[in-house]
1. Of the residues Gly140, Gly175, Gly236, which exhibits the maximal mean-square fluctuation in a Gaussian network model of the chain defined by a 10 Å Cα contact cut-off?
2. At 7 Å along the Cα-to-beta-carbon direction for both Arg91 and Glu265, put a label point, then send me their distance in nm to one decimal.
3. Rank these for me by crowding, Met323, Met53, going from fewest to most other beta carbons within 10 Å.
4. Give the relative contact order (percent, whole number) for the range 221-333; include only Cα pairs under 8 Å separated by 6+ residues.
5. Quick one: check the C-alpha center-to-center distance for the range 255-325 versus the range 76-102, whole angstrom.
6. Over the Cα atoms of the range 150-307, Rg to Rh with Kirkwood Rh, two decimal places?
7. Calculate, in nm to one decimal, what Thr246 and Thr329 gain on full extension: separation in residues at 0.36 nm each, minus their alpha carbon distance.
8. Below 8 Å, C-alpha to C-alpha, sequence gap of six or more: please give me the relative contact order for the chain in percent.
Amino acid sequence: MARVLVAGASGYAGALAARIVHRHPELELEAVTSRSDAGRRLDDLYPQHRVPMVLDALDIETEALPPDVEAAIVAYPHGASAPVVAALHERGIKVVDLSADFRLRDLGVYEEHYVQHTAPELVPDAVYGLPERYREQLRGADLVANPGCYPTASILALAPLAPYLADVVIDAKSGVSGAGRTPTQSTHFVSADENVTPYGVGRHRHTPEIEQELAAAGAPGLRVSFTPHLVPLDQGELVSCYVTLTDEAADLDIAGLFEEHYGAEPFVELALRPPGVRDVRESNVCRIHAVRDERTGRVLVFAAIDNLWKGAASQAVQNLNLMLGLDETAGLC
């Protein structure tokens with residue numbers, strides 16, 4: 001039983017990660033920590049997860065870590081995560097980081113969209129944690145950058161088409177839990193309920209992450225139009241991708257291409273109709289429907305995930321399984 005620490009377990013994604021690890025047949029949840037709720041029980045803060053453990057303060061500087069911790073899931077905000085990850089990594093602990101601190105390979109791009117990086121020396125060592133793209137690199141990895149929720153759905157939707165992409169527009173929608181536990185004016189109930197609102201228009205910080213990974217999949221130089229929308233759901237995410245292909249892809253077998261890429265994937269489902277967010281709620285599944293619009297010649301790709309599960313916590317455990325040499329699906333089916 002590998003002993004696991006979940007740091008930042010008082011947030012939505014961290015609490016869910018603790019729940020999945022706690023119920024995992026081959027992992028032992030050694031400790032849960034919180035900067036703001038230390039001393040509280042996690043099952044008091046989130047009764048639905050039923051994790052009967054007290055949240056501790058994590059003091060990296062005094063090395064006050066629980067003994068024998070072998071792996072950690074760090075669910076800290078962007079910028080705050082890097083020093084914690086670096087300290088854990090230095091102690092030989094395998095880390096899955098849920099923040100954006102190690103996702104972007106170009107340090108300048110990261111600092112343009114986030115903050116000044118405090119552990120830039122680790123960026124080249126981090127494996128991008130999308131198992132459907134980087135499974136072999138994830139096996140035995142020491143540091144994994146868990147993808148953002150929007151990039152997870154968008155990259156899975158578009159990666160099979162990457163060598164043929166000429167133009168891409170992504171219309172994305174997510175529930176308010178994607179904004180985190182701290183309330184804001186836009187995520188307050190009276191603002192989000194009975195409303196749909198675009199945000200991050202023209203400059204959402206997940207755009208370079210999507211472009212980076214599509215370039216790696218075969219679309220270098222592609223510029224994506226990406227607009228997310230806040231919808232009145234607690235969790236769930238749908239991306240609708242409108243794709244223009246290159247001329248040489250006019251006769252491309254869309255269904256066959258997606259079957260070739262994902263037919264054997266344990267957590268990707270190819271659907272005969274466009275998916276809805278209820279189809280994948282509280283699962284590690286990405287459900288995809290791809291079809292050619294014969295009238296316009298575009299390809300339409302729809303992908304649904306649960307933003308807290310496949311978009312964060314359960315994908316982190318999927319990555320942890322690979323890092324520790326376990327069955328990739330353990331604790332997730």
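Taken together, the values in this text are just the output of simple stated rules run on the coordinates, not laboratory data. Everything quoted here is computed from the prediction, not taken from an experiment. Heads up, the Cβs are rebuilt from the backbone with ideal geometry, glycines too, and the neighbour counts pull from every protein chain shown.
1. Gly140
2. Reported label-point gap for Arg91 and Glu265 is 3.5 nm.
3. Met53, Met323
4. Once normalised by length, the contact order is 27 percent.
5. The range 255-325 and the range 76-102 have Cα centres separated by 27 Å.
6. Ratio value, two decimals: 0.98.
7. Length gained, Thr246 through Thr329: 26.3 nm.
8. Result for the chain is 18 percent.
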